[in-house]
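Novice: Pasting a structure here, questions to come.
The values are calculated or read from the model by the stated rules, or taken from the named source; none is laboratory data. Bear in mind that the values here come from a model prediction, so they are computed numbers and not experimental data. Note that each Cβ is placed from the backbone with ideal geometry, even for glycine, and that neighbours are counted across all protein chains shown.
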Amino acid sequence: MIWSEFIHRVIFFSLIGLGILGNILIFVRHVHTFIMGSEKKPVDLIFIQLAFSNIIIICTSGVRYIVTELEVKNVVGDASCKTVVYMGRVARGLSICTTCLLSMVQAVTISPRTSLWRKLKPQTMWQVLPCLLLLWIFNVLISSNLLHLITAGSSLNRSRAGVHDMYCYMLPSRYIVKWFFLSLMALRDVIFQSLMGWSSGYMAVHLYKHHKSVLYLHSSRFANSASPEIRATWSVLILMTCFLFYYLGDFILSFYVGSVLTLDSMILSIKIFLVIGYAALSPFVLLIKDFHLISC
């Protein structure tokens with residue numbers, strides 16, 4: 001094995017290990033808070049769904065990578081291909097939508113009490129549960145075409161197939177059907193990523209204004225650059241930057257692959273890294289961000 005391949009695998013498996021560890025910490029922490037806490041906080045349900053979707057992303061991407069690298073052809077059948085590819089696509093959409101919902105709920109939560117946005121803050125879990133269920137239904141339906149198009153390479157004439165990934169192939173579909181589902185995916189990503197950027201920007205501006213107010217009311221000795229507001233602002237901006245970088249990159253590659261139905265090994269490696277990168281790193285940024293927002 002050459003050094004580049006060795007470093008590539010070390011980075012990949014490190015991301016998998018860190019990602020699973022971080023998301024399990026998020027999942028267990030908020031499940032414990034939700035079950036044992038006296039007050040059922042709606043935001044706990046959002047964190048639980050986000051961690052669960054990220055774990056699915058990491059596991060499905062890890063399976064695809066391992067099978068491709070080790071060339072394990074015998075264990076890959078139609079059911080395996082459909083399950084891994086479909087669940088990975090659904091979990092990716094859930095992660096985007098749930099991160100956006102979390103960011104908007106937090107933006108509403110820290111908004112001034114006199115603001116009209118504060119009235120949109122969910123008070124009970126029954127107000128946020130229908131939103132989470134709708135996100136599941138929406139993403140399950142928007143990726144439903146994969147259940148028909150994905151098949152194992154051993155069970156078809158490969159000259160008819162398009163994308164090659166993990167010895168799974170995507171059959172070509174009718175022009176209208178292909179662009180209908182690609183348009184839905186593009187519309188979902190653009191809308192939810194835009195909302196994520198807006199809510200994160202709103203939080204950053206509001207926290208910075210609050211920090212300026214503290215500087216005005218107190219001496220700089222008590223409100224310096226290491227204040228909870230500034231740390232929370234940086235956490236919000238870092239999470240937004242990671243979110244937009246990883247998912248915009250993945251969106252461009254996914255749209256390209258879905259359009260031309262070609263996928264070489266380099267594009268596959270970049271795509272898997274982008275998908276796993278956010279799912280692996282976001283839990284730690286979320287933990288820091290949540291702590292800083294509570295401090296504020």
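Novice: Tell me whether the stretch 120-127 contains one or more residues that are loosely packed, with under 14 Cβ neighbours inside 10 Å, more than 30 Å from Ala107 (Cα to Cα), among the hydrophobic types (A, V, I, L, M, F, W, C) and modelled with pLDDT under 85. Steps first, please.
Specialist: Just the residues of the stretch 120-127 that are loosely packed, with under 14 Cβ neighbours inside 10 Å, to begin with: 123-124, 126-127.
Checking the rest, the ones that are also more than 30 Å from Ala107 (Cα to Cα) come to none.
Scanning the stretch 120-127 turns up no residue that is loosely packed, with under 14 Cβ neighbours inside 10 Å, more than 30 Å from Ala107 (Cα to Cα), among the hydrophobic types (A, V, I, L, M, F, W, C) and modelled with pLDDT under 85.
Novice: Let me ask something additional. Can you name the number of the only condition in (1) buried (at least 20 other Cβ atoms within 10 Å of the Cβ); (2) modelled with pLDDT of 80 or more; (3) β-branched (Val, Ile, Thr) that Val236 fails?
Specialist: (2)
Novice: So Pro112 ticks every box in (1) surrounded by fewer than 13 Cβ atoms within 10 Å (Cβ to Cβ); (2) modelled with pLDDT under 85; (3) part of a helix (DSSP H, G or I) but one. Which box is left unticked?
Specialist: Only one criterion is unmet by Pro112, namely (3).
Novice: Of everything in the stretch 22-49, what is loosely packed, with under 14 Cβ neighbours inside 10 Å and in contact (Cβ under 8 Å) with a residue 40 or more places away in the chain? Give them in sequence order.
Specialist: Lys40
Novice: Further question on the same structure: Any chance the stretch 260-273 includes a residue that's modelled with pLDDT of 70 or more, of a type in the set (Lys, Arg) and in a helix (DSSP H, G or I)?
Specialist: Yes, the stretch 260-273 contains a residue that is modelled with pLDDT of 70 or more, of a type in the set (Lys, Arg) and in a helix (DSSP H, G or I).
Novice: Out of Leu133, Leu147, Leu129, which single residue is free of Cβ contacts under 8 Å to residues at least 12 places away in the same chain and in a helix (DSSP H, G or I)? Can you show your working first?
Specialist: Working: Leu147 fails: free of Cβ contacts under 8 Å to residues at least 12 places away in the same chain; Leu129 fails: free of Cβ contacts under 8 Å to residues at least 12 places away in the same chain.
When all the criteria are applied, what remains is Leu133.
Novice: How do the pairs read when you match residues in the stretch 1-16 that are loosely packed, with under 10 Cβ neighbours inside 10 Å with residues anywhere that are part of a helix (DSSP H, G or I), using Cβ under 9 Å and keeping only pairs 6 or more apart or on different chains?
Specialist: Between residues of the stretch 1-16 that are loosely packed, with under 10 Cβ neighbours inside 10 Å and residues that are part of a helix (DSSP H, G or I), the close pairs are Met1/Arg9.
Novice: If you don't mind, another one. Of the conditions (1) outside any loop (DSSP other than H, G, I, E, B); (2) under 23 Å from Leu287 (Cβ atoms); (3) touching a residue at least 40 places away in the same chain (Cβ under 8 Å), Pro122 satisfies every one except a single condition; which number is it?
Specialist: Failed condition: (1).
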